[in-house]
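Asks: Structure below; questions to follow.
The values are calculated or read from the model by the stated rules, or taken from the named source; none is laboratory data. Only a predicted model underlies this, so the values are computations on that prediction, with no experimental measurement involved. Every residue, glycine among them, receives a Cβ derived from its backbone with ideal geometry; neighbour counts consider all protein chains shown.
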Amino acid sequence: MIPLKGPALAEALYPDPGLRPFTDLDLLVRREDAARAVALLGERGYRHLGWQRSLAYEVAHAPAACFVADGRALPVDLHWGLVGFPAGARPLAPGAQAEVWERAVATERWGRRVLELALEDLVLYLALHLAVHHPLAGLVWRLDLALLLRRHAARLDWEALLARAARWRARGALYFALRTAAAELGAGAPPAVLARLRPRGARGALLDRFARRRDARGRGDHLLALLVMDRWRDATGALAAGVVPPAAWARSRYGGRTTAGAYLRHYARLGAVLARTARALLARS
């Protein structure tokens, strides 16, 4: 497994690990090892916490699932993917999430040998996590990226990073995250790199505008997750799946005895998302 975020970044980036708060442990495993990892957590008293989502749904459609245990044990977010896009969209190129294992490097943490993401993969992962999961709220994820850039920018292989972002179809996410780190914390990529990453036209202008603004309630997150997708067909596919999801997906996501009931719950949630996004756009007009 590879520890992600939390205590791993606290040890690697912060002058005092106690400065970096975390409320759970994020652990990345290979997708083919997910069932075994779930079983091991179960042996240690952990149970799935689904927030109205079944474990079967999360294994099939989500990049991670949360597990909790009684007592003082920290919750565990078990990851088998790097990022989850809205409506089950999967715009990352095939193999993008598997290849990080080939480049993972061994290091010493907490008196033991652990794996960690290669530097360029870590930048991309933090960028995706910020741009898709927390684009408008949450200072800690911006600070993680800014500290990483300030500490390791000189040894980053920017050409490799740009090539990898293009291959993963994650250039928009990388641009937004780097632009945000520069705008808010004064740490970012060289201007020439940002210029090469910036999407053309209205999409680039919107990403610039959002990168300069924050929203503590995270309104507009779903809109940003669509804007950072590099291919319009991925974004339109995600929109179509959000409006009319497959029946099997709806039943898996929302449960219930009937497909009609699952769709009713979906459209209630979709209405809340659209209302929140509209308020975010009006606040920025």
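Asks: Within segment 178-189, can one find any residue that is over 18 Å from residue 126 (Cα atoms), surrounded by 17 or more Cβ atoms within 10 Å (Cβ to Cβ), of a type in the set (S, T, N, Q) and touching a residue at least 40 places away in the same chain (Cβ under 8 Å)? Quick ask: steps written out before the conclusion?
Replies: Taking segment 178-189 as the starting set, the residues that turn out to be over 18 Å from residue 126 (Cα atoms) are none.
Within segment 178-189 (the criterion being over 18 Å from residue 126 (Cα atoms), surrounded by 17 or more Cβ atoms within 10 Å (Cβ to Cβ), of a type in the set (S, T, N, Q) and touching a residue at least 40 places away in the same chain (Cβ under 8 Å)), the answer is no, since none of the residues qualifies.
Asks: Under 6 Å between Cβ atoms, at least 6 apart or on separate chains: pull out the pairs that start in segment 76-95 with a residue that is among the small types (Gly, Ala, Ser) and end on any residue that is assigned to a loop (DSSP other than H, G, I, E, B).
Replies: 81/63; 81/97; 84/62; 84/63; 93/169
Asks: Among the residues of segment 142-152, are any among the basic types (Lys, Arg), within 22 Å of residue 206 (Cβ to Cβ) and within 20 Å of the chain's Cα centre (by Cα)?
Replies: Checked segment 142-152: at least one residue is among the basic types (Lys, Arg), within 22 Å of residue 206 (Cβ to Cβ) and within 20 Å of the chain's Cα centre (by Cα).
Asks: Just for helices (runs of 4 or more DSSP H) wholly inside segment 1-97: which have at least 1 residues that are modelled with pLDDT under 90 and β-branched (Val, Ile, Thr)?
Replies: 55-61
Asks: Pick out the one residue from 120, 116, 99, 108 that is touching a strand residue (DSSP E or B) at 6+ places or on another chain (Cβ under 6 Å) and of a type in the set (Asp, Glu).
Replies: 116
Asks: Right, next: Given 131, 173, 165, 137, which one is out of contact with any helix residue (DSSP H, G or I) (no Cβ under 6 Å at 6 or more places or on another chain), surrounded by 14 or more Cβ atoms within 10 Å (Cβ to Cβ), touching a residue at least 40 places away in the same chain (Cβ under 8 Å) and closer than 27 Å to residue 239 by Cα?
Replies: It is 137.
Asks: To continue, here is another question. Please verify whether residue 35 is surrounded by fewer than 18 Cβ atoms within 10 Å (Cβ to Cβ), among the aliphatic types (A, V, I, L, M) and over 21 Å from residue 242 (Cα atoms), treating the condition exactly as stated.
Replies: yes
Asks: Same structure again: List pairs: first in segment 1-29 and on the phi > 0 side of the Ramachandran plot, second outside any helix (DSSP H, G or I) and among the aromatic types (Phe, Trp, Tyr), Cβ under 6 Å, 6+ apart or cross-chain?
Replies: That search, which allows pairs on different chains as well, returns 6/22.
Asks: Sticking with this one: Specify the residue that is surrounded by the fewest Cβ atoms within 10 Å (Cβ to Cβ); the eligible residues are those in segment 190-222 that are modelled with pLDDT of 90 or more and part of a loop (DSSP other than H, G, I, E, B).
Replies: 200
Asks: Sticking with this one: I'm trying to understand the selection: among the residues of segment 4-32, which are surrounded by fewer than 17 Cβ atoms within 10 Å (Cβ to Cβ), touching a helix residue (DSSP H, G or I) at 6+ places or on another chain (Cβ under 6 Å) and closer than 22 Å to residue 67 by Cα?
Replies: 22
Asks: Just wondering, is there one or more residues in segment 64-87 that are within 20 Å of the chain's Cα centre (by Cα), more than 29 Å from residue 266 (Cβ to Cβ) and surrounded by fewer than 19 Cβ atoms within 10 Å (Cβ to Cβ)?
Replies: No, segment 64-87 contains no residue that is within 20 Å of the chain's Cα centre (by Cα), more than 29 Å from residue 266 (Cβ to Cβ) and surrounded by fewer than 19 Cβ atoms within 10 Å (Cβ to Cβ).
Asks: Would you point out which residue out of 102, 120 is at pLDDT 90 or above, loosely packed, with under 15 Cβ neighbours inside 10 Å, assigned to a helix (DSSP H, G or I) and charged (D, E, K, R)?
Replies: 102
Asks: Which residues, taken from segment 153-168, are of a type in the set (Asp, Glu) and not in a helix (DSSP H, G or I)?
Replies: 157
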